[in-house]
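The values are calculated or read from the model by the stated rules, or taken from the named source; none is laboratory data. Predicted model only: the values in this text are computed from it and were never measured. FYI the Cβ positions are ideal-geometry reconstructions off the backbone, even for glycines, and counts take in every protein chain you see.
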Amino acid sequence: MNKIFTISSILIFFISACCNHGDTRLPATLVSITDGDTVKVLLFKDRKFTIRLYGIDAPEKDQPYGAISTQNLERLCQYNFKHEVDIFTVDKYSRLVAVLYCNGVNVNLKQVENGLAWSYYTNDYQEAEQTARASGVGLWSAPEQVPPWEWRKK
């Protein structure tokens, strides 16, 4: 069992290190949603991995709009259904950092477009965030929102 885990971990590392994102989407079965930017999926049929959604940071569970962000992700994706992940890297917490596609839709982008996540460490979703802010959707409908990276410091 450890040998299978090691082989799948090496394969994930190889894919994230050598391939351009967008080139390699892996089939993934969604098993749980932790919050608005973190999910657990099965890859390689039976290996569970935690996925941190690339390029976004959603409100924390105890933060305003945290529960709504999680619910939106649940609305976008079906449990125990085949979706796809495009892996970018592995973070310092050993989570895969990836774009999640549910029913062909980039849910990372959808979270930002719906005003339920910030664009984070990338310009990929900056335009979507600006549009959501200007439209006053989601968390942008309330004044003075605290970004999650500042909320976590409290």
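Is it the case, given these coordinates, that Gln78 is modelled with pLDDT of 95 or more, over 21 Å from Gln126 (Cα atoms) and not aliphatic (A, V, I, L, M)?
Spelling it out, it is not the case that Gln78 is modelled with pLDDT of 95 or more, over 21 Å from Gln126 (Cα atoms) and not aliphatic (A, V, I, L, M).
Tell me which residues, restricted to the stretch 122-139, are out of contact with any strand residue (DSSP E or B) (no Cβ under 8 Å at 6 or more places or on another chain) and surrounded by fewer than 20 Cβ atoms within 10 Å (Cβ to Cβ).
Within the stretch 122-139, the subset out of contact with any strand residue (DSSP E or B) (no Cβ under 8 Å at 6 or more places or on another chain) is 122-124, 127, 130-139.
Residues satisfying the conditions are Thr122, Asn123, Asp124, Glu127, Gln130, Thr131, Arg133, Ala134, Ser135, Gly136, Val137.
Among all residue pairs at least 6 apart or on different chains, which show Cβ distances below 9 Å where the first residue, located in the stretch 23-44, is closer than 14 Å to Ile87 by Cα and in contact (Cβ under 8 Å) with a residue 12 or more places away in the chain and the second is aromatic (Phe, Trp, Tyr) and part of a strand (DSSP E or B)?
Going by the 9 Å Cβ cut-off, the qualifying pairs are Arg25/Tyr101; Ala28/Phe49; Ala28/Tyr101; Val41/Phe49; Leu42/Phe49; Leu43/Phe49.
Determine the pairs where a residue that is β-branched (Val, Ile, Thr), located within the stretch 57-83, has a partner that is part of a loop (DSSP other than H, G, I, E, B) and surrounded by fewer than 19 Cβ atoms within 10 Å (Cβ to Cβ) with Cβ atoms under 8 Å apart, the partner being 6 or more residues away or on another chain.
Listed by first residue and then by second, the contacts come to Thr70/Lys61.
Can you name the residue in the stretch 48-82 that is part of a helix (DSSP H, G or I) and among the small types (Gly, Ala, Ser) and is also nearest to Thr29 (Cα to Cα) among such residues?
Ser69
I'd like to check something: does the stretch 25-39 contain any residue that is charged (D, E, K, R) and surrounded by fewer than 14 Cβ atoms within 10 Å (Cβ to Cβ)?
Looking through the stretch 25-39, none of the residues is charged (D, E, K, R) and surrounded by fewer than 14 Cβ atoms within 10 Å (Cβ to Cβ).
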